[in-house]
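Below is one structure, written out as structure tokens; the observations come after it.
The values are calculated or read from the model by the stated rules, or taken from the named source; none is laboratory data. Worth saying up front: this structure is predicted, and the values here are computed from it rather than measured. Cβ sites come from the backbone with ideal geometry, for glycine too, and all protein chains shown count toward neighbours.
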Amino acid sequence: MPLKIRVKPEGKILAGGAVLKNVGNRPADLLVLSDSPVLREGYMMNIDRRDESDVSSVYFLLQVIYLFRGKDKPMDTFVVETVKSFAKLYPHFEADATQIIAHLEARESFKALKVAHSMLGQYEKSVQNDPAKRVAPLPVSLQTMEKASAA
């Protein structure tokens with residue numbers, strides 16, 4: 001089913017592995033005719049941001065799952081286990097983690113990404129309101145678990 005998307009002036013989207021930028025001074029309407037993953041600029045996370053917090057690590061993993069769907073089985077299982085571990089470390093995000101897992105199991109990776117996007121926004125807002133709440137990734141955090149499972 002085609003997807004119509006409006007890109008703001010100077011705005012970017014990621015579509016099917018390509019980053020597209022509206023270089024005009026007016027909004028551009030695009031029609032995506034193929035079944036490709038599409039992300040608006042607000043949903044894109046560069047790899048250099050993934051280590052900012054454990055929340056951003058989860059978000060980045062879900063972004064990868066969404067963008068590279070079809071290459072799933074081992075990676076999806078790893079991400080589900082990572083999200084479960086994340087929920088144990090951060091019980092206040094347990095409801096979100098449960099939703100993410102349900103979406104992944106239903107093969108709805110964009111819906112899982114949307115929940116994580118909301119979770120990331122909550123985290124960033126709480127840190128913005130009180131910088132003392134900024135939590136560096138824990139020593140035994142998701143990054144450590146990733147490295148351990150890769151070994």
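The residues of region 1-29 that are at positive phi and surrounded by 11 or more Cβ atoms within 10 Å (Cβ to Cβ), listed by number, are 10, 16. Residues that are surrounded by 10 or more Cβ atoms within 10 Å (Cβ to Cβ), more than 30 Å from residue 87 (Cβ to Cβ), of a type in the set (A, V, I, L, M) and free of Cβ contacts under 8 Å to residues at least 24 places away in the same chain are absent from region 30-53 altogether.
Checked against the criteria, residue 120 does not count as crowded, with 16+ Cβ neighbours inside 10 Å and modelled with pLDDT under 90.
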